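Report on one structure; see the data block that follows.
The values are calculated or read from the model by the stated rules, or taken from the named source; none is laboratory data. This is a predicted model, so every value here is computed, not measured. Glycine gets a Cβ as well: all are built from the backbone with ideal geometry, and neighbour counts include every protein chain shown.
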Amino acid sequence: MSLLTLVPTPIGALHDVTLHALEVLRSADVVAAEDTRRSAVLLSAHGIDRPLVRIDAHTVASRGPALLAEHARVAYVSDAGTPGISDPGADLLRLALDAGHQVEVLPGPTAFVPALILSGLPLARFSFEGFLPRKGSARSRRLRALARREHPSAIYEAPGRLAATLADLADACGTMRLGSVSREISKRYEETVRGTLGELAERFASRKPRGEIVVVVAGHDPSEDEEGVPDADALAAALTAAGVHGRTLRDALEALGVPRNEAYRAALEAAPDQPL
C-alpha cells in the first residue's frame, strides 16, 4: 500500500511554498507532476533532487495505477496551487482511493481564494465555478444558474477567452452587476480590476491580458428584480408545447416582453433544430 500526498505549490513567488510541502517533496520516492518542466524549476530552487514523472490529464489513467503500485510514497503536484481543483490530481486521488491506497492533502495556496477576497465583495458564502463550458446549452445553463445566485461566484478563465466570457456574463447577469478580474496573483505583475460587468467587458474587449485569470461575479440582489419581467424559459416551454417553434417562437417571446437576447436564447434552447 502506498501513500499519495497532494502537495500544493506556489501560484506565484517560489518562496510561497510551505515547509510541510518541502518536507513531503524531499521524502517522496517519486514526484508526479502535471508538467515536469514547471515542477523541476520549483524542486531545483529548493534543492530537492527526486525523480519526476509526468502525470497529466492524458496519462493519469494509464500511468497512475502502476505509479501507485510501484512506490511507497508518491507526491503529486499540479502546475500551480492545490492539486485536485480543476486538474488531474482529483483523478489520481480517486484512483488511489479505489485501489485502497492511503491519501493525504496538504493545505496550501489556490488562486480563487485571494481573488475572491481582492474583489471586495461580501463573502459569507460563495461558489467556485472553475472553467465554464466553452459553448452551447451547457454554457448557457451555467451562466443562467450563476446569474440567479445571491452570493459571489469565482470563475477560472484563459486569457484568450476572457473578453467573450465577460461579455456573456454581462448579458446573463446584467451590465451593472459588480465583478472583478484578477490575474498573476502573487507574481510580479499581479493585478485586480474591479467594476461593473459592463465596464470590465468593455475594458478587456480590446486588451488581451496575460497569465492565470480569476473572474469574480457579485451575487444577484433580489431587491433589484424588475417587476413584470417574464420568465423566458417558462414561456418558451409553454409555447413550444403549443406547437410554436423557430423564428415564430422568438418573435412571440419578444412580443410578450422578453428582451431580445433572452428571447433568442430561450427559443434556440427550446427547439435547437429550428432556424431562427
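Residue-by-condition table, conditions (1) of a type in the set (D, E, K, R); (2) under 18 Å from the mean Cα position of the chain (by Cα):
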| residue | (1), (2) |
| --- | --- |
| L178 | no, no |
| R188 | yes, no |
| S206 | no, no |
| V214 | no, yes |
| V217 | no, yes |
statement: Residue pairs qualifying under the 6 Å Cβ cut-off, at least six apart or on distinct chains, with the first in region 132-147 being closer than 17 Å to A263 by Cα and the second being aliphatic (A, V, I, L, M), are R139/L132; L143/A172; A147/A172
query: Which ranges mark the strands (runs of 3 or more DSSP E) fully within region 164-276 that have 3 or more residues being in contact with a strand residue (DSSP E or B) (Cβ under 7 Å, 6 or more places away or on another chain) and outside the structural domain of S119 (by TED's automatic domain parsing)?
result: none
- line: Of the residues in region 129-162, those that are among the hydrophobic types (A, V, I, L, M, F, W, C) and surrounded by fewer than 17 Cβ atoms within 10 Å (Cβ to Cβ) number 4
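Identify, from the list E190, E150, E199, the residue that is in contact with an Asp or Glu (Cβ under 8 Å, 6 or more places away or on another chain), farther than 30 Å from H15 by Cβ and of a type in the set (D, E).
Working: E190 fails: farther than 30 Å from H15 by Cβ; E199 fails: in contact with an Asp or Glu (Cβ under 8 Å, 6 or more places away or on another chain).
Just one listed residue meets the conditions, E150.
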query: Any residue at all in region 37-59 that is of a type in the set (G, A, S), surrounded by 16 or more Cβ atoms within 10 Å (Cβ to Cβ) and either modelled with pLDDT under 95 or closer than 21 Å to R183 by Cα (or both)?
result: yes
message: Every residue in region 88-101 that is surrounded by 14 or more Cβ atoms within 10 Å (Cβ to Cβ) and not hydrophobic (A, V, I, L, M, F, W, C), please.
response: P88, G89, D91, R94, H101
field: Options L123, L116; residue that is within 19 Å of R183 (Cα to Cα) and outside the structural domain of L19 (by TED's automatic domain parsing)
entry: L116
query: Among E150, E129, which is the only one that is part of a strand (DSSP E or B) and charged (D, E, K, R)?
result: E129
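Among the listed residues V258, V244, which satisfies the condition of being at pLDDT 80 or above and surrounded by 15 or more Cβ atoms within 10 Å (Cβ to Cβ)? Reasoning before the result, please.
Working: V258 fails: at pLDDT 80 or above.
Checking each option against the conditions leaves just V244.
With respect to E254, determine if the residue is in contact with an Asp or Glu (Cβ under 6 Å, 6 or more places away or on another chain) and either farther than 20 Å from R149 by Cα or not aromatic (F, W, Y) (or both).
Spelling it out, it is not the case that E254 is in contact with an Asp or Glu (Cβ under 6 Å, 6 or more places away or on another chain) and either farther than 20 Å from R149 by Cα or not aromatic (F, W, Y) (or both).
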query: Would you pick out the residues in region 1-18 that are of a type in the set (A, V, I, L, M, F, W, C), at pLDDT 95 or above and out of contact with any Pro (no Cβ under 8 Å at 6 or more places or on another chain)?
result: L3, L4
message: Just the residues that are of a type in the set (D, E) and crowded, with 19+ Cβ neighbours inside 10 Å, please, taken from region 195-214.
response: E212
message: Give me the helices (runs of 4 or more DSSP H) completely within region 19-114, filtered to those with at least 3 residues that are under 22 Å from K187 (Cβ atoms), ordered by residue number.
response: 19-27, 36-45
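Right, L92: touching a Phe, Trp or Tyr at 6+ places or on another chain (Cβ under 7 Å), modelled with pLDDT of 95 or more, more than 20 Å from I213 (Cβ to Cβ) and not assigned by TED's automatic domain parsing to the domain that holds S153 or not? Before the answer, list the steps.
Numbers: touching a Phe, Trp or Tyr at 6+ places or on another chain (Cβ under 7 Å): yes; modelled with pLDDT of 95 or more: yes; more than 20 Å from I213 (Cβ to Cβ): yes; not assigned by TED's automatic domain parsing to the domain that holds S153: yes.
Yes; evaluated as a whole, the condition is true for this residue.
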